[in-house]
1. Any idea which of Ile222, Ile251, Ile210, Ile233 is crowded, with 19+ Cβ neighbours inside 10 Å, of a type in the set (Val, Ile, Thr) and within 25 Å of Leu65 (Cβ to Cβ)?
2. Could you tell me which of the residues Lys47, Lys4, Lys21 is touching an Asp or Glu at 6+ places or on another chain (Cβ under 6 Å) and among the basic types (Lys, Arg)?
3. Is the stretch 98-109 home to any residue that is within 24 Å of Lys42 (Cα to Cα), touching a residue at least 24 places away in the same chain (Cβ under 8 Å) and hydrophobic (A, V, I, L, M, F, W, C)?
4. What are the pairs with Cβ atoms under 7 angstrom where one residue, in the stretch 47-60, is touching a residue at least 60 places away in the same chain (Cβ under 8 Å) and the other, located anywhere, is charged (D, E, K, R)? Sequence gap at least six, or different chains.
5. I'm trying to understand the selection: among the residues of the stretch 110-149, which are free of Cβ contacts under 8 Å to residues at least 12 places away in the same chain and either in contact with a helix residue (DSSP H, G or I) (Cβ under 7 Å, 6 or more places away or on another chain) or over 25 Å from Pro193 (Cβ atoms) (or both)?
6. Return yes when Val248 is out of contact with any Lys or Arg (no Cβ under 9 Å at 6 or more places or on another chain) and assigned by TED's automatic domain parsing to the domain that holds Leu292 and no when it is not.
7. For the stretch 1-111, give me every one of the strands (runs of 3 or more DSSP E) that falls completely inside it and has 3 or more residues that are surrounded by fewer than 16 Cβ atoms within 10 Å (Cβ to Cβ).
8. Do we have any residue at all in the stretch 141-148 that's crowded, with 21+ Cβ neighbours inside 10 Å, over 17 Å from the mean Cα position of the chain (by Cα), at pLDDT 95 or above and not assigned by TED's automatic domain parsing to the domain that holds Glu268?
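The values are calculated or read from the model by the stated rules, or taken from the named source; none is laboratory data. Please read these numbers as outputs of a predicted model, since none were measured by experiment. With ideal geometry, Cβ positions are generated from the backbone for all residues, glycine too; neighbour counts draw on all protein chains shown.
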Amino acid sequence: MKKKVILITTGGTIASKENSKGLLSSGALSGKELADLCQLPKDIEIKIVDVFQLPSMHIDNDNMLLIRQAILNELEDESVNGVVVTHGTDSLEETAYFLDLTIDHKLPIVVTGSQRSPAEVGTDVFSNLRNSFYVAIEETLHHVGTVVVFNERIYTAKYVKKVHASNLQGFDSFGHGYLGIIDNDVVSIYQKPINRETFKLKSPLPRVDIIKCYAGADGYLIDMLVLQGTSGIILEGVGRGQVSPQMVTAIDGAIEAGIKVVVTTSAEEGKVHPSYSYKGSADDLLQRGVILGEDYDSKKARLRLIVQLASGVYEKK
């Protein structure tokens, strides 16, 4: 009996065509047009659902919700064995993690894209898409959540990130490795996450912003975000989670205004931890009410806080 996989398309380079200027029009191909170009598996039944056709940096919270709802709609069909989502690479890691946080289902949800368009020499469109279908029906990945398939590797959504602007090896998970590989249509899984978390959305997704910290940074941007009514601020600190002392007064003001503030680290590996005792250190921020962002990068921490706020884990004052 054939396995059934839902192909959710959202645009991106994987569905792009060259325009009259010789530049790529992202998301120019429909799901059917993309599928017709690929040598898709004959042993898998594929249903195509076009959600939208957008460059990935045009995708916002509302678009992520649309993708999520399209997936949930299709998962109501008990004959479905898995879901594949095609997506532009620039924000692929963000959408993948949002889906991982907000969809609690045993079946694999696979997000993939490409660094090169379908017509380019050496394109990775066809291999990434074909491999994704085989990962989507892999029963070993049940209860793992959302994964990213790229360049024959399978990554967990929590830690994957885009690491190269153009190279075919565009994604990696520093310090965590990949879950497995796909070789000649055969999926091999070497490790799986022990724990994963999901949240039930109860209210609209709030605004959460990111501020990158650097030597001598002050609280100007924090003050501006408070005035703009943000619900949360992610501080991308350095090392163990330090920020400049000039930011602290504004951080206090944000917390007093009921805004959730999280500090992460710009380091590729390692966790935020209260190791030092001085103004602007992780310990100092913790005492002031800042949430320590563990080993999340700033973009993943932002999505996690958005989902937590929308699920009622944190209530704004």
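1. Of Ile222, Ile251, Ile210, Ile233, the one residue that is crowded, with 19+ Cβ neighbours inside 10 Å, of a type in the set (Val, Ile, Thr) and within 25 Å of Leu65 (Cβ to Cβ) is Ile233.
2. Residue meeting the stated conditions: Lys4.
3. Yes, the conditions are met somewhere in the stretch 98-109.
4. Matching pairs, first to second residue: none at all.
5. Answer for the stretch 110-149, where residues must be free of Cβ contacts under 8 Å to residues at least 12 places away in the same chain and either in contact with a helix residue (DSSP H, G or I) (Cβ under 7 Å, 6 or more places away or on another chain) or over 25 Å from Pro193 (Cβ atoms) (or both): Glu120, Val121, Thr123.
6. no
7. Hits in the stretch 1-111: 44-54.
8. Yes - at least one qualifying residue is present in the stretch 141-148.
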